[in-house]
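Below you'll find the structure, written out as structure tokens, and then a few comments.
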Amino acid sequence: MKKKTYLKSLGVGGIALLCLCLTTFAGQTLQNGDFSAGLSNWTVEYGSVTDGGGYALFQEHPVDYSSTLSQGFTIPALALDLCFDVMMSYEAGGPYDQFAPPDAFLGSLYDSDGNPLFANPLGVDEFYYLDNTSIVDTTGTLIGNTVRLDVSSLAGQDVLLVFDLWSSYDGMTTTVNLDNVNITVIPAPGALLLGLIGTGLFGLLRKSKTM
């Protein structure tokens, strides 16, 4: 399977839907990033993405090459990083083609015009890439992979966040667990002040106990 970019796979109708999605969610912060409410606020566009019970479960689909989950939102004014946790697992024994690329999990971020915000020099849309040849655990599972992307330069922008599991005939049946998708922000001055006051009081109490 030749790897395609997300936008190319969408076509004209899909790009129009992408723009509508961004318009609909303009001004809204990222919602349900811990998937505690299932897949609420997220859109399953292709393939098989289901509620794994507190996380999003991506599975290979027998027809669609891509299992895709997305959400449109506005980057907060004091944004620092986009973060998420991903765990990839695989089982051998699927359809096999010796020339097939490995199954891969991708993260992409698009602006309101559908342009990738973090395309690499080769013009590929994603800011994150993980394939099943990168799995290091002997059980066939990559554990504890936390991803951080600096989005501080995008504060106030409407974006579309897209996650894809691209599957091929590489002989592996791959699944991905996605969780804790969030935007970290600079603490508000009030919260920062309260934190400093609390730290100072804690220091005084410790000092008084040692006297």
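The table below lists the values:
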| quantity | calculated |
| --- | --- |
| Pairwise FRET efficiency - residue 153 versus residue 29, Cβ, R0 = 25 Å, nearest 0.05 | 0.90 |
| Radius of gyration and maximum dimension Dmax of region 53-145, Cα, Å | 15.6, 48 |
| Label-point gap, in nm, between residue 81 and residue 120 - each point 7 angstrom along Cα→Cβ | 2.0 nm |
| Per-pair calculated FRET efficiency, R0 = 30 Å: residue 169 and residue 146 via Cβ, rounded to 0.05 | 0.50 |
| Distance (nanometres) between label positions extended 7 Å along Cα→Cβ at residue 134 and residue 96 | 2.5 nm |
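Read-outs throughout are calculated quantities, based only on the coordinates presented, and are distinct from any laboratory measurement. The structure displayed is predicted, hence computed values, not measured ones. Here Cβ is always computed from backbone atoms with ideal geometry, including for glycine, and neighbour counts include all displayed protein chains.
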